[in-house]
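Below is one structure; the comments refer to it alone.
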Amino acid sequence: MILGLTCISEELKLKDKKKYSFRTMTRKRFNDLDRDDAIHQLSERILHNARVTRYILNHCALNDISHYRLSSALFPLITDDKTDVCLDDLPHLVQIKEELAFAGKIAKKFNISIGSHPDQFNVLASTDRSKVDRTINELNFQASVLDMLGLPQDHTAPMNIHVNYTPQADETLEVVATRFFRNLSMCDKGVYNRLTIENEDKGFFNVDNCIKFSEHLFAVHGVNIPVCYDNLHDFCNPSEDRSIVFQAERCAYTWINQGRGDNNFLAPVFHWSEGTPQKPRSHADYFALGNLPPMIAIEPNMEAKWECEVKQKDLAIKLLRKNFKILFPML
């Protein structure tokens, strides 16, 4: 059972919240300051975030957590066109890059895979050109952060997004897929080769339609966009067959490594979560005793990695492992 940490360590925050929390900056705060002071403060916060990333990866190594989802909050305001600030403006850029490179070396040394999950405003299938341009800019930047970590430009360092679009009355899935592909082709190679899509908790893109979308993109356009399975989204927005194992295995088969050597499949990166009784779409603090992710392995040594999407993060991972030992003491 391979469990992944998402974004932040709650265990480290219990030790020192200030040291181990990511820092942000609002557009209002930035604009209220003298510009030089604003850029300097922003640069300091981003450097702090890079250090936190290194601390978290070291924490993962010490706690046998072999997958980490990078926080999308590492570089606040850098892609905000209202602030007109870029990486080269940051006075601490050299140190920031050094910190991220060091973090990437820790991940490589301890065999920790890293992925990312850019925010939901990224919509490559949109008909609104301004939204698409903003999406391309954001995805290109997020891919450059993975590059700073020294990660490969393929699905072993996945960038996962939602299609986040409902076909209109006169549109087919194929039309949406073609527009998605056309806009994806305008992205940098680091995006094109890393991108995955996720089944959504409402709307058109449940597991069935994500798989049809992925299959069409590969068959017609020759691009492989694997499907990231999310069990909570599947519960809220189910496909015809409600079996978690069946749907997860279907998604796992989309993680094919076409034309890149004899090893045909990659280890899929999925999401494992639990909702609250009052709001099923809202993440619970912890997993219930029997809520364990299934073993999904299409090929030997290609077991699925489950990013744990509950609020208590690594504290929940520890409890989930304890629950596994309680339920399966013979293993």
Unique match (being on the phi < 0 side of the Ramachandran plot and loosely packed, with under 14 Cβ neighbours inside 10 Å) among Q247, Q312, Q278 | Q278
Index of the failed condition, N140 passing every other in (1) polar (S, T, N, Q); (2) under 29 Å from D170 (Cα atoms); (3) part of a helix (DSSP H, G or I) | (2)
Across segment 203-241, the tally of residues that are part of a helix (DSSP H, G or I) and among the β-branched types (V, I, T) stands at 3
Of everything in segment 27-54 that's open to solvent by 80 Å² or more (accessible area, probe 1.4 Å) and in contact (Cβ under 8 Å) with a residue 24 or more places away in the chain, which residue is nearest to H67 (Cα to Cα)?
-> R51
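In the list S9, S71, S66, which residue meets the criterion of being under 30 Å from E303 (Cβ atoms), open to solvent by 20 Å² or more (accessible area, probe 1.4 Å) and within 19 Å of the chain's Cα centre (by Cα)?
Within the list S9, S71, S66, the selection yields S66.
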Can you find even one residue in segment 242-249 that is free of Cβ contacts under 8 Å to residues at least 24 places away in the same chain, under 30 Å from P277 (Cβ atoms) and part of a helix (DSSP H, G or I)?
-> yes
Pairing a residue in segment 123-134 that is without any contact (Cβ under 8 Å) to a residue 60 or more places away in the chain with any residue that is assigned to a loop (DSSP other than H, G, I, E, B), where Cβ atoms lie under 7 Å and the two sit 6 or more apart in sequence or on different chains, gives V123/N164; V123/Y165; A125/V163; A125/Y165; S126/Y165; K131/V123; V132/L124; V132/S126
Within segment 180-197, track down each residue that is open to solvent by 30 Å² or more (accessible area, probe 1.4 Å) and farther than 19 Å from P152 by Cβ.
-> F181, R182, S185, M186
In segment 157-167, what count of residues is obtained for those that are surrounded by fewer than 16 Cβ atoms within 10 Å (Cβ to Cβ) and either aliphatic (A, V, I, L, M) or not in a loop (DSSP other than H, G, I, E, B) (or both)?
-> 0
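Would segment 89-108 turn up any residue that is of a type outside the set (K, R), within 27 Å of S9 (Cα to Cα) and in a loop (DSSP other than H, G, I, E, B)? Break it down into steps so the answer makes sense when it comes.
Our first condition is that a residue be of a type outside the set (K, R); within segment 89-108, this holds for 89-96, 98-104, 106-107.
Those still in the list that are within 27 Å of S9 (Cα to Cα) too: 90, 92-96, 98-104, 106-107.
Restricting the remaining residues to those that are in a loop (DSSP other than H, G, I, E, B) gives 90, 92.
Yes, because at least one residue in segment 89-108 is of a type outside the set (K, R), within 27 Å of S9 (Cα to Cα) and in a loop (DSSP other than H, G, I, E, B).
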Among the listed residues T83, T79, which satisfies the condition of being open to solvent by less than 20 Å² (accessible area, probe 1.4 Å) and hydroxyl-bearing (S, T, Y)?
-> T83
Residue check, N111 against (1) at negative phi; (2) out of contact with any Phe, Trp or Tyr (no Cβ under 6 Å at 6 or more places or on another chain), all met but one. Which one?
-> (1)
Would you check if D201 is open to solvent by 20 Å² or more (accessible area, probe 1.4 Å), closer than 30 Å to K97 by Cβ and either in contact (Cβ under 8 Å) with a residue 24 or more places away in the chain or small (G, A, S) (or both)?
-> no
Among the candidates D154, D170, D147, which residue alone is of a type in the set (D, E, K, R), within 14 Å of the chain's Cα centre (by Cα) and open to solvent by 10 Å² or more (accessible area, probe 1.4 Å)?
-> D154
Can you tell which of P152, P118 is part of a loop (DSSP other than H, G, I, E, B), on the phi < 0 side of the Ramachandran plot and without any contact (Cβ under 8 Å) to a residue 12 or more places away in the chain?
-> P152
Would you say R321 is assigned to a loop (DSSP other than H, G, I, E, B) and either within 30 Å of S185 (Cα to Cα) or not β-branched (V, I, T) (or both)?
-> no
In segment 280-327, how many residues are under 22 Å from the mean Cα position of the chain (by Cα), of a type in the set (G, A, S) and under 24 Å from P268 (Cβ atoms)?
-> 4
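The values are calculated or read from the model by the stated rules, or taken from the named source; none is laboratory data. Worth saying up front: this structure is predicted, and the values here are computed from it rather than measured. Every residue, glycine among them, receives a Cβ derived from its backbone with ideal geometry; neighbour counts consider all protein chains shown. Side chains included, ligands, DNA and RNA excluded: accessible areas come from the protein's heavy atoms. Shrake-Rupley method; radii C 1.70, N 1.55, O 1.52, S 1.80 Å.
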